[in-house]
Structures are given as structure tokens and as C-alpha cells.
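First comes the structure, then the notes that go with it.
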Amino acid sequence: MSIRYWKCPLPAVDSVTDLGVSIYLQFGPHISHIVSKATLRAKPILKCFQSLDPGLLTRAFCTFVRPILEYCSVVWSPTLKRHIHKIETVQRRFTKRLNRSIICRIAVDLRVLAWIVCIVGVSNLI
């Protein structure tokens, strides 16, 4: 069966993208797309910023990543647990890496401090 508009046949499509939201019969592919896009945006935050301040890194996450996850969420509102879990995974992964990154940087600073103490000596630092 072909649908015509002003004697022109309209093609059959599987999905439509309107205002950046991909509309399929289900929103699973759209959620997968935004999760991968948000993950790619979240990874460089910990690598590019040299600060140890978790508040700054969290603010960067909220500025650069959350808008991707929340854009038009009223339209495609996730109701299935697997979709909700997939979206929350981006934030969980970021906070896990944030804590690891801070601990690793502190450990490196402590190693450098111990190395300086070994070379210079404690009495010269005081």
C-alpha cells in the first residue's frame, strides 16, 4: 500500500528525527544514541581539567553532559527500567572515574613528596 500526497508517493521509513529526537516505534535506539554521545562527552572532562576540585568537575559534567541526557526528555520519557539504568550509567561511570582520578592524583602527589623528603631530608624542609 502506498500513501500519496498530491499525487506523489511518500516513502516508507523506520524512523523520523524531529528537533534532534529520533522517533522509532520505540525510543530504545534514541536512548542508546544519546547515552553513547553523553559518554563520549563525559570522558574528556577528567582528562582535560587539571583541577582536583570535585565541585568543578561535577559542574563541568552538569554543563556539558547533562543537557545531552535531558534534552526533550519529556517527549521520550524513559519508563522501562533498562532505559533508566542505561541513562543513569553515564553518571555512575563519571562519578566512579572522578573518585579514582582524585585518589590517583593524590597518590602521585604523596609519592613526589616522599621522593623530595628522601633527597632533601626532613630537617631541610622545616
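The values are calculated or read from the model by the stated rules, or taken from the named source; none is laboratory data. Model, not experiment: these values are computed from the prediction. Ideal geometry is used to build each Cβ from the backbone, glycine not excepted, and the neighbour counts take in all protein chains shown.
In table form, for the structure just shown:
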read-out: Residues (touching a residue at least 24 places away in the same chain (Cβ under 8 Å) and of a type in the set (A, V, I, L, M)) located in the range 81-100; value: Ile87, Val90, Leu98
read-out: Val35 being outside any loop (DSSP other than H, G, I, E, B) and at pLDDT below 80; value: no
read-out: Any hit, the range 12-34, residues being touching a residue at least 40 places away in the same chain (Cβ under 8 Å), among the polar types (S, T, N, Q) and touching a Lys or Arg at 6+ places or on another chain (Cβ under 8 Å); value: yes
read-out: Residue check for Pro67: at pLDDT 80 or above, surrounded by fewer than 12 Cβ atoms within 10 Å (Cβ to Cβ) and part of a strand (DSSP E or B); value: no
read-out: Enumeration of residues in the range 65-82 that are aliphatic (A, V, I, L, M) and in contact with a helix residue (DSSP H, G or I) (Cβ under 7 Å, 6 or more places away or on another chain); value: Val65, Ile68, Leu69
read-out: Meets criteria (under 30 Å from Arg100 (Cβ atoms), over 12 Å from the mean Cα position of the chain (by Cα), of a type outside the set (Phe, Trp, Tyr) and part of a loop (DSSP other than H, G, I, E, B)) for Ser73; value: yes
read-out: Residue pairs meeting the criteria (Cβ under 6 Å; at least 6 apart or on separate chains; first farther than 15 Å from His30 by Cα, in the range 59-70; second assigned to a helix (DSSP H, G or I) and not hydrophobic (A, V, I, L, M, F, W, C)); value: Phe64/Arg41; Val65/Arg41
read-out: Residue satisfying all of: in the range 82-98; closer than 15 Å to Ala60 by Cα and of a type in the set (S, T, N, Q); surrounded by the fewest Cβ atoms within 10 Å (Cβ to Cβ) among these; value: Thr95
